[in-house]
Amino acid sequence: MLAKLPLDSPLWLEFDASFSTEQALDALREVLTRRQLGESWDELRSELLHQGTVYDITSAAIPHLVDLAPALSVEERAELWTEIGFWVTAGADYYEGPVADGLQESLTAALAVAEAGALDVFRERAGLGDSYFALACVTLAGHPSGGAMWSFLSPGEGYVTLTCPSCQEQDEVDGFGDPLGPPCAPPVVPDLTADARNVPGWTSLAAEIEAAPELFGPGWDGFARVAAVVARAGVPETTPPAAVWCLVAAMVALRGNVAWARTISRLAGHYQCVSCEDVYSIGDLVAEDEFAEPVAADGLDPATFADAGGFRPAPGGWPVAPAPAVVTRWRASTGPVDTLAVATLPTGASIVAGAGPSGLHRWDLDTGAPLPVAAGAAVSGSAVVTSPDGRTLVVAGGERLHRWDALTGDDLTPRPAAIRVLAPAVIPAPTHGRHPEDPAWLAGLRTGRTVLVTGDADGAVRLWDPFTAEPLGELYRTDEIHAMTSVPDRSFGDQVVTLSGELTVDVWSSAAVTGKRSSMAPPATRLAAIGHESLADVAGAPGGILLADTNGLVSLWTTFGVRLGDPLPPDPDHTGVVAVAAPTTRDGTLVVATASAPDATLRLWTPSTGGVTLLDLDAPPRALHAAGALLVVATDTEVLALALE
């Protein structure tokens, strides 16, 4: 049992709390009586920590809660140690004012017990890949890197906000994703012998790391060695932050989340301010260390720096990994086809529709058998989508919106329009009434209907009725639009993405309350920073959008402008890329396909493994379309369906 302030001591009433000292004390007594974290625990937390501020009552409560820990479940103990970690980073490891004799010593002893208890939970709970819990362990060890609990990114967030201590320049640094190759050389660790702490839990963790040298994957053994050295020394306060981040990453990897662990290793690198050009350890800045000092850039690889353009691709390169097997399911000879779509008919059958200089073509998706279609005007340079009820194929091409009956192939009445590309979008009904800035014409469409969004040669982006091909209104104007896609988003309406100019990406949400395009689309500066020169095509993918450059580089972004993972670099045997698509294997693994017209090649990339393969085609490709594990390819002479095994 720890020495602690008795619950009936009048000294408690001299402590401050967030709202009420009496309520905080009542909640603490209730938690200790019930011996579980329940409703009273939530009330207690709100009293002990508020907007980053802790109180002397927080420090006094810690020994009581540490003594309670053995009675809690593993999950509750993990929550308790994480919460105490937050309190400690906010200053709850010491008393600010005069207190009774022995209280500080009691608190210090309790935190030592908490550190050991947290490491015990880490060993007990096999699935605990939570980086916040790993940081809590670091905090309880007394290392300042634990302060990153307040500003550290979460999986899928993709960026951190860093402030340069020299000039206060602030950047949202993206590119946090799963780097398959090491993002930089392992940090150098000084001799920690003199400052080593004899903590059995850390020693056991070091042995676990040493038993798994390829913890992060092939080529990452240096990072695992650094993590083991830091753990064996008990994470002394003098450990460089970059080395501590290797340990945090190793703890996450040990509990199963290797991709997230590799992402955390990014924090072992450096940030260079574009304003003053000072270089800092990212670990110092994420932990908001007020004593952080610039580091000498001499000898550091500039390719590993992050700056306003985010992280560059990891210089470690791509590991050798198998690519998915490809089986040709069917081929259909035809003339040139410029665009493809897959439609599910009212009968339940699925077809492939393609449009080109000779008009519309249809094939059975499963067999490739040709289906009848009425002759129509040439629609070169077009795009094709299906109406919401699956009954109509709408094709953009030349100067018209062309419409065919999807079931019979009959030609329907065309409508004039200078249209280059189009995509469907659902306009959801508002949940909180009309926004005062919502244009009246657009507000009238907010009924949950599906509309067509088109991009014109003159840069206009418009909405159309999919059943009548009547124009509904103009959204915005930009440069000549050459590619478009629509990404479904249940939370924010469909995200319509257009490409124009060399590196201009615009995003419009069908739920945008003002009807205006997003101000947070992937910016041209960050696209150029990773090697994009001229965007050729865009496709929706899980978690965001794929941007394919004519030079072959492909990157994955959120629609709100955060880069996810490292891009696929260009390939000299795969130039002049014209299309990108995102099929999946049968087990749901994302595969990115790009088509090169000059080289008549198809490149398949599996981002989760780094596997890449290059396939030769019999003729230059013109369009791609993904339908689950089926990739449909249109070339100058045929359409073929490739199954990804």
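Things worth noting here:
- Here the stretch 326-644 is assigned +1 on the Cβ of each Lys and Arg and -1 on the Cβ of each Asp and Glu. Its dipole about the Cα centre then comes out at about 780 debye.
- Residue-wise HN-Hα couplings along the stretch 257-262, as the Karplus relation 6.51 cos²θ - 1.76 cosθ + 1.60 with θ = phi - 60° gives them from phi, are 9, 5, 4, 5, 4, 5 Hz; Gly and Pro carry x.
- Estimated vicinal HN-Hα couplings, Hz - the stretch 74-89 in sequence order (Karplus 6.51, -1.76, 1.60; Gly, Pro = x): 4, 5, 5, 5, 4, 5, 5, 5, 5, 5, 5, x, 4, 4, 5, 5
- Between helix 221-232 and the chain: long-axis angle, C-alpha atoms, 0 to 90°, nearest 10: 20 degrees
- Short-range pairs are left out: with C-alpha atoms under 8 Å and at least six residues apart, the relative contact order of the stretch 458-601 is 15 percent.
- Counting only alpha carbon atoms, the long axis of helix 21-34 and the longest principal axis of the chain meet at about 90°.
- In this rough spin-label picture, where each label sits 7 Å from Cα along the Cβ direction, the residue 53-residue 124 distance is 3.5 nm.
- Length added when fully stretched, residue 408-residue 8, from 0.36 nm per residue minus Cα-Cα: 135.6 nm
- Our note on the geometry: Cα centres of the stretch 56-106 and the stretch 488-550, 47 Å apart.
- The alpha carbon centroids of the stretch 131-195 and the stretch 332-353 are separated by 49 Å.
- Prolate/oblate/rounded label for the chain (Cα gyration tensor, a/c 1.5): prolate
- Counting only Cβ charges, +1 for Lys and Arg and -1 for Asp and Glu, the dipole size of the chain around its Cα centre is about 2220 debye.
- Overall, the stretch 129-317 carries a charge dipole of about 720 debye about its Cα centre when +1 sits on the Cβ of Lys and Arg and -1 on the Cβ of Asp and Glu, all other atoms neutral.
- Amide proton proximity set for residue 270, modelled H, under 5 Å, gap of 5+: 282, 306
- Based on DSSP H segments of at least four residues, each scored -39500 (n - 2.57), the chain has a per-residue ellipticity at 222 nm of -7000 deg cm²/dmol.
- The stretch 461-553: trypsin sites (Lys or Arg not before Pro) in DSSP coil with no more than 16 other Cβ atoms inside 10 Å: 490, 516
- Unpaired Cys in the chain, meaning no second Cys C-beta under 4.7 Å: 137, 184, 246.
- Contour excess over end-to-end distance, with Cα ends at residue 169 and residue 196 and 0.36 nm allotted per residue: 6.1 nm
- In the chain, the longest principal axis of the Cα atoms and the axis of helix 39-48 are about 70 degrees apart.
- Calculated from backbone phi, Karplus (6.51, -1.76, 1.60) coupling profile of the stretch 158-172 in Hz, x at Gly/Pro: x, 8, 10, 9, 10, 10, 6, x, 6, 10, 6, 5, 10, 10, 8
- Between the stretch 243-300 and the stretch 556-576, the Cα center-to-center distance that results, in Å: 23 Å
- Residue among 295, 180, 337 farthest towards the positive dipole end of the chain, charges placed on Cβ: 337
- The residue among 21, 240, 540 whose Cα reaches farthest toward the positive pole of the charge dipole of the chain, with charges on the beta-carbon of Lys, Arg, Asp and Glu, is 540.
Each reported figure results from applying straightforward, stated rules to the coordinates on display, with no laboratory input. Since the structure is predicted, the reported quantities are computational estimates derived from the model, not experimental observations. Positions of Cβ are generated from backbone atoms using ideal geometry, with glycine treated the same way; all protein chains shown enter the neighbour counts.
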